[in-house]
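Below you'll find the structure, written out as structure tokens, and then a few comments.
Readers should treat all values here as calculations from the given coordinates under stated rules, not as data from a laboratory. These numbers come from a predicted model, not from an experiment. Cβ atoms come from the backbone with ideal geometry, glycine included; neighbour counts cover every protein chain shown.
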Amino acid sequence: MSDFPFLSVLTVAPLVGALVVALLPRHRPELAKQVALGWSLLVLALSVVMWVTWQTGGERFQFRESYPWIPNWGVNFTFAADGIALVMLMLIAVLVPLVILASWHDADGGSGAPTATDRGAGADRQDGPARAGIPATSKRSVPMYFALLLVLECTMIGVFAAADVFLFYVFFEVMLVPMYFLIGSYGGHQRQYAAVKFFLYSLVGGLFMLAAVIGLWVVGGKTFDWVALSQVDISTGTERWLFLGFFLAFAIKAPFFPFHTWLPDAGGAAPAGAAALLVGVLDKVGTFGILRYCLPLFPDAAKWFAPWALALGLIGIIYAALLAVGQNDLKRLVSYTSIAHFGFIGVGIFAFTSQAATGAVLYMVNHGLATGLLFLVVGMLIARRGSALISDFGGAGKLVPVLAGVLFFAGLASLALPGTAPFISEFLVLIGTFTVNKPVAVIATLGIILAAAYVLWMVQRTTQGTLNPALTEVDGMKRDLNLREKVVVAPLIALIVLLGFYPKPVTDVINPAVQATMQDIGRTDPAPSVGNVQEAAK
Amino acid sequence: MTELKLPSIDYAALAPTLIMLGAALVGVLVEAFVPRRLRHVVQLSVALLAVLAALTMVVLNADDRLITIGGAIAVDGPALFLQGAILVLAAMALLLIGERTVERGGAFVAQAAVTAESADDRRQAEGANGLTEVYPLTTFAIGGMLIFVAANDLLTMFIALEVFSLPLYLLCALARRRRLLSQEAALKYFMLGAYASAFFLFGVALVYGFTAGIPDRPAGVDFATVHAAVTDSPASPVLLFAGMALLAIGLLFKAAAAPFHVWTPDVYQGAPTPVTGFMAACTKVAAFGALLRVFHVAFEGARWDFTPVLGVVAVLTMLVGAVLAVTQTDIKRLLAYSSIANAGYLLVGVLAPNSEGVSGTMFYLVAYGFSVLAAFAVVTLVRDADGEATHLSRWAGLGRRSPFYAALFTFILLAFAGIPLTSGFTSKFAVFGPALDGGQAWLVIAGVLTSMVLAFPYLRVVVMMWLSEPGESTPTVTVPGGLTSAALMIGVIATLVLGVAPAPLLDLATGAAEFVR
């Protein structure tokens, strides 16, 4: 079974699904949704098989496949996954079906964001009240929305599965296109501005990377193979420039301060499902890229730039958290919390200890689950109220207790409460950093306090306190979570709790990859043992 | 009595050019002898058949590597590759030129002599059949281009330049609507083009002077002599540099490189759109083919002298094209500035001091030609009662009205922006890679930075089409006739294929990258 070409099949399958869905007739939206959901479940099933087939403690790169593509330039379709890529692929496979299910009515009825007409599975009404601030346009194709989600899944899988720098770059850039149309055509208020800003920021980063990719190709002897390139000796000056080219692209993608300004706009304007994928997975490409390309290919430059990267990470943690406290728009608030979390991941990567790096990778997974959940729940709340402004809520817990409870849980996970998965990763990052760089760890810890502030204050203002009388007049607020929505949130909650108490399956997979990465840059230290981690959990 | 020796002529190797020029003469006879109602069909068939026949001959000659007709013409890899490219792109352009269903009577004026804006003019604009002289004119231009990329001495090159330029000046003036704009464009193009030709000729004279006095060789302007003179000539290098600069001005004018680009937006806007597409695709191939040959064959020895200067021109071209494209509000002018910026990227390939640079440039020319012809094909389709609606504000919401054509145009714009899986990306890689390999990192960085700027105007059009609400005046896309559909689909499919599987064409270009001397 290990000879099965998992990665290429995984990459191509969603694309085929997208074609099928896009070709379905426009007037059969329900069919398109069902096909899309079924297809993404198929991808999930395949990923689970792949996860089971993975040999823990085996080679660093498994499932390697290679087919020639452009021999003139030494470009191959080379796919291979290390532990880090594997867990990210699993995250994608889990999130996409949930996002599709959560977006069931997002593209319906004309208005870009979810309408207030979601009255349970099967109901496909389009008679919701026009929503303030969101242009009521008509005739947006429902099948196209789900096709775009599947195209996005294809490119996301490709970017993590590629082991050829050219191929990685191709997926990295193409990924922009479906996301651009998801935000631009199906987003809410200010979607045009947000879509263009997202596209241009990412494209600028991508072009810096293109220059570096070409440079790497030239100094690396006209090959794009990751393994070959990681053994090339590059002169110090060149190495720093190439590092900078890659790092800029990834820092914009992640995003790190000061390249972050596109994320609140994009996250705020994107439909909730797409936003969950945007911060849950797409942005991880940035941190993944740093781990996979910046560190192993340019180890000396990485060490040289590390203080700067740590500084950017710290600024991001504090600055974004402060901004998050001040937000009045729910989706923008969640976007800012993500930027703060990416600061943590950045610190974890550039601390250069196995503990911190393991924490960072674990954080990438946990953040995908926790913030993905937060975005989806916030999306459900916004769909009911018809507004994303916190000041339009107040005491919502009295009307929709289950939804409020899930929001509270998602918030707690996001602020890394012990017992939830993000706690372990944040803790690992902090102790891993503390052993080598105490001031950084101390400053980063301040971020935890701020996280408590923005999450709890947001929860308080939306679901607790006195009931906002305006809320009772909104039809949507009379409905608590329906079955479909419960099915969406339940797996995420389960995973967050499970990984919060028993992260071993994930850490076992990522540990060898992280250690190999640390060896690439010449740092070795004992990996966190499982005992450590479990102690941390308690 | 000295015996006159005729140079040996390899007719088979020259066949593509001879076929095109012959077809042009046939076209002139058709104008004289075939009844008016049949002319359109006959002329279009003659032109297309000639292009096909010439293309067949290029393919049959594919292995030729020779210099014939007394050293005037070199039939080698680059010449054959570029001739093939010109012919394929010209066939597409001819399909656009021959279209008569999108607009009644075609895109060309019925009688060029009618006073613009007069009552007669309005009557002819309503649907009288367009001129059929455009076909022989186009065929002459194609023939000239075929000589231009194969010319092995500067005088032949000059004659070829005139042979393809003069018909183009005329073609620019023949738009059916907005004729004053069209005539103004033609006059501008002619005046500036005449200056450029004069510069070129003056440059030839100076280079001739420079070649005088080299040992064992009479003076001359064939590339072998010039090549020898660059290293051996006892004459002052000032002659060489001045000659080279003047030649470059003449060629860069045709290539639309800054600061010799000012004609481009006006001419692209004023000319009938099929002709604009023809110029953007085929003239670019011809101009850069000649630049490649002149600088890689004749002046190879002076590489370290011309590279910095041409490098500055390349950077300036990319900057001017990208920055000014941002401010455009007319789709044809936007594409014109985009074509200027692309000339800059092509120059980066020309300046790469290796054969990969040559093959990369040739690949870029083909890829760009397909995309730009498809782009102009779409432009011909978006129209209202007054003809083409080229103002960008009129394109708002086009994605809702005509999602299929808007999607095709979006794809082409993404290709121009260099998104992977389109030919725009592979071709950028094909020129930037060799340039960086050849130590021209600054050109590559300038290229990357301007690409960022240039992405913005393309994206603005995409936003216009998809994310804006259709206005009252949003035109509909005319359902294209078979000819335009064919050209459009060929262009789009080529853009996709060259982006996804560029290897075959790259192989072809790599195998054809060596010049004969």
Roughly how far apart, in whole Å, are the Cα centres of the range B:311-378 and the range B:255-275?
13
Rounded to the nearest 10 degrees, the helix B:423-437 long axis (Cα) sits at an angle to the longest Cα principal axis of chain B of 30
Which of A:ASP480, B:ASP384 comes first, and how do the rest follow, when ranked by fewest Cβ neighbours within 10 Å?
B:ASP384, A:ASP480
Rounded to the nearest 20 debye, what is the charge dipole size of chain B about its Cα centre when +1 sits on each Lys and Arg Cβ and -1 on each Asp and Glu Cβ?
1120
What nm distance separates the two modelled labels at A:THR466 and A:ASP300, each placed 7 Å from Cα along Cα→Cβ?
6.8
J(HN,Hα) series, the range A:224-237, from Karplus relation 6.51 cos²θ - 1.76 cosθ + 1.60, nearest Hz, glycine and proline x:
10, 5, 4, 5, 5, 5, 6, 9, 7, 8, 10, 5, 4, x
Using a Förster radius of 30 Å, what is the FRET efficiency between A:VAL442 and A:THR261 based on their Cβ-Cβ separation? Nearest 0.05, please.
0.60
Quick check: net charge around B:PHE200, other residues with Cβ under 11 Å of its Cβ, Lys/Arg +1 and Asp/Glu -1?
0
Rounded to the nearest 0.05, what FRET efficiency is calculated for B:MET191 and A:VAL402 with R0 set to 56 Å and r the Cβ-Cβ distance?
0.15
List the lysines whose Cα sits under 17 Å from the Cα of A:LYS253, skipping any in the same chain fewer than 8 residues away.
A:LYS197, A:LYS284
Along the Cα→Cβ direction, 7 angstrom out, place labels at B:GLU117 and B:VAL28. What is the inter-label distance in nm?
3.5
Could you derive backbone 3J(HN,Hα) for the range A:307-315 from the dihedral phi with the Karplus parameters 6.51, -1.76 and 1.60 (θ = phi - 60°), listing whole Hz in sequence and x where the residue is Gly or Pro?
x, 5, 5, 4, 4, 4, x, 5, 4
Of the candidates B:ALA93, A:VAL75, B:ALA287, the farthest towards the positive dipole end of the protein assembly as shown (Lys/Arg Cβ +1, Asp/Glu Cβ -1, centred on the Cα centre) is B:ALA93
For the range B:1-68 and the range B:128-159, what is the separation of their Cα centres, given in Å?
11
Helix-only mean residue ellipticity at 222 nm, the protein assembly as shown, DSSP H runs n ≥ 4 weighted -39,500 (n - 2.57), per residue, nearest 500. What is it?
-22500 deg cm²/dmol
Can you give the longest stretch of chain B with no exposed loop site, where a site means GluC sites (Glu not before Pro) in a DSSP loop (not H, G, I, E or B) with at most 13 other C-beta atoms within 10 Å?
B:127-471
Can you give me the C-alpha center-to-center distance between the range B:456-517 and the range B:205-231, rounded to a whole angstrom?
44
Would you mind checking which residues have amide H under 5 Å from B:ILE73's amide H? H placed 1.01 Å from N; only 5 or more apart, or other chain.
B:THR68, B:ASN152
Treating the beta-carbon of each Lys and Arg as +1 and of each Asp and Glu as -1, no other charges, what is the dipole magnitude of chain A about its Cα centre, to the nearest 20 debye?
1020
If you take every residue apart from A:VAL12 with its C-beta less than 13 Å away from the C-beta of A:VAL12, what net charge results, scoring Lys and Arg +1 and Asp and Glu -1?
-2
Exercise: per-residue mean of other protein chain Cβ atoms within 10 Å, A:202-212
5
Amide H contacts of B:ARG383 (H built 1.01 Å from N, under 5 Å, at least 5 apart or other chain)
B:ALA389, B:THR476, B:THR478
Farthest towards the positive end of the dipole of the range B:11-511, among B:LEU454, B:ILE69, B:ALA150 and with Cβ unit charges of +1 on Lys and Arg and -1 on Asp and Glu, lies the Cα of B:LEU454
In the range A:447-466, whose amide N lies under 18 Å from the spot 7 Å out along Cα-to-Cβ of A:ILE315? List them in ranges.
A:447
What residues have an amide H closer than 5 Å to that of A:LEU24, excluding those fewer than 5 places away on the same chain, when H is modeled at 1.01 Å from N in the peptide plane?
none
Per the 1/(1 + (r/R0)^6) rule, R0 = 35 Å and r from the Cβ atoms of A:ASP475 and A:LEU417, FRET efficiency to 0.05 is 0.55
What angle do you read, to the nearest 10 degrees and between 0 and 90, between the alpha-carbon axis of helix B:403-416 and the longest principal axis of chain B?
20
Among B:LEU488, B:LEU346, B:THR138 the positive-end extreme of the charge dipole of chain B (Cβ point charges)
B:LEU488
Between B:ARG303 and B:ALA62, how many nm apart are label points set 7 Å from Cα along the C-beta direction?
2.9
Show me, for the range A:426-433, the HN-Hα J-couplings you get by feeding each phi into the Karplus relation (A = 6.51, B = -1.76, C = 1.60, θ = phi - 60°), rounded to Hz, glycine and proline as x.
5, 4, 4, 4, 5, 6, x, 6
Length gain on complete extension for the stretch B:VAL497 to B:HIS391, per 0.36 nm per residue less the alpha carbon to alpha carbon distance?
35.1 nm
Cα convex hull volume per residue for the range B:11-511 (Å³):
126
